[in-house]
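Visitor: Take a look at the following structure, please.
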Amino acid sequence: MHFDVLTLFPEMFTGFLSSSIVKKAHEKGIVSTSVVDFREFSTDKHRTVDDTPYGGGSGMVLKPEPLFRAVEHLLQDEPERPPIILMTPQGERFTQKKAEALAEHRRLILICGHYEGYDERIRQHLATDEISIGDFVLTGGELPAMVVMDSVIRLLPGVLGNESSAKDDSFSTGLLEYPQYTRPAEFRGWKVPEVLLSGHHQNIERWRRQEALRRTWERRPDLLRTARLTEEDRAFLRKLEEGSGE
């Protein structure tokens with residue numbers, strides 16, 4: 001997969017791209033990234049990318065010309081138009097399901113906004129998607145773009161050492177992840193659940209599933225409305241609701 005990131009602050013991506021799983025994915029050749037300063041595509045000698053809003057109001061608005069020119073430059077030899085994503089608090093809430101959908105593409109263009117917002121023609125005639133990572137406002141779209149990239153990259157085949165890791169993560173199954181333990185088996189009097197030490201894989205899987213259900217029921221019950229549940233799952237949730245969960 002290839003990412004094109006359009007930003008006014010390309011230096012913000014240096015550490016992100018050269019660390020951890022993201023760095024390894026690039027070293028393996030699974031991912032490539034181009035970080036583009038779209039100020040280079042402004043149309044005047046002052047390299048202007050923003051202007052005051054028509055009709056008055058506070059703040060500055062990103063002009064359409066630099067972003068249209070930057071995207072058109074990137075796609076001049078591209079036969080198919082990839083998703084062109086605006087990072088904006090007005091966008092669709094980013095979810096694991098959205099990350100999985102984006103991971104099916106071979107190229108993504110991420111546009112990081114700044115100032116008061118985008119000229120509406122960018123939304124209407126350039127972008128294919130708008131994404132928000134939550135109901136809060138940030139200085140710019142760089143951090144949200146990194147969130148999207150990290151979430152998508154780890155889903156690509158060959159990125160994680162254990163291919164099952166991403167499948168078990170919170171939200172991947174529609175539920176929060178079950179509790180995890182490691183050595184020692186007892187720490188300050190707190191013991192690892194006996195079932196995890198039993199070596200009985202069927203019982204372990206059953207315990208993990210029920211604990212994922214319990215944790216989701218306690219912390220994010222809204223997720224249960226769309227999670228894929230079996231009859232056994234539903235029976236366990238009924239026990240929780242009745243106060244008799246195992």
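The values are calculated or read from the model by the stated rules, or taken from the named source; none is laboratory data. Because the structure is predicted, anything quoted here is derived from the model rather than measured. We place every Cβ from the backbone using ideal geometry, glycine too, and count neighbours over all the protein chains shown. For accessibility, only protein heavy atoms count, side chains too; no ligands or nucleic acids. Shrake-Rupley method; radii C 1.70, N 1.55, O 1.52, S 1.80 Å.
Visitor: Answer with yes or no whether Ala101 is surrounded by fewer than 14 Cβ atoms within 10 Å (Cβ to Cβ), modelled with pLDDT of 95 or more and in a helix (DSSP H, G or I).
Guide: yes
Visitor: Leu86: touching a residue at least 60 places away in the same chain (Cβ under 8 Å) and open to solvent by less than 20 Å² (accessible area, probe 1.4 Å), yes or no?
Guide: Criteria not met by Leu86.
Visitor: I would also like to ask the following. Which residues, counting only those in region 147-173, are at pLDDT 70 or above, open to solvent by 20 Å² or more (accessible area, probe 1.4 Å) and farther than 18 Å from Glu27 by Cα?
Guide: Val147, Phe171, Ser172, Thr173
Visitor: Determine whether region 40-57 contains at least one residue that is within 30 Å of Val159 (Cβ to Cβ) and among the small types (Gly, Ala, Ser).
Guide: no
Visitor: Among (1) part of a loop (DSSP other than H, G, I, E, B); (2) surrounded by 14 or more Cβ atoms within 10 Å (Cβ to Cβ), which single condition is Pro66 missing?
Guide: Answer for Pro66: the failing condition is (1).
Visitor: Could you grab me the full set of residues in region 109-125 that are surrounded by 12 or more Cβ atoms within 10 Å (Cβ to Cβ), out of contact with any helix residue (DSSP H, G or I) (no Cβ under 6 Å at 6 or more places or on another chain) and either under 17 Å from His73 (Cα atoms) or touching a residue at least 40 places away in the same chain (Cβ under 8 Å) (or both)?
Guide: Ile109, Ile111, Gly113, His114, Tyr115, Glu116, Gly117, Tyr118
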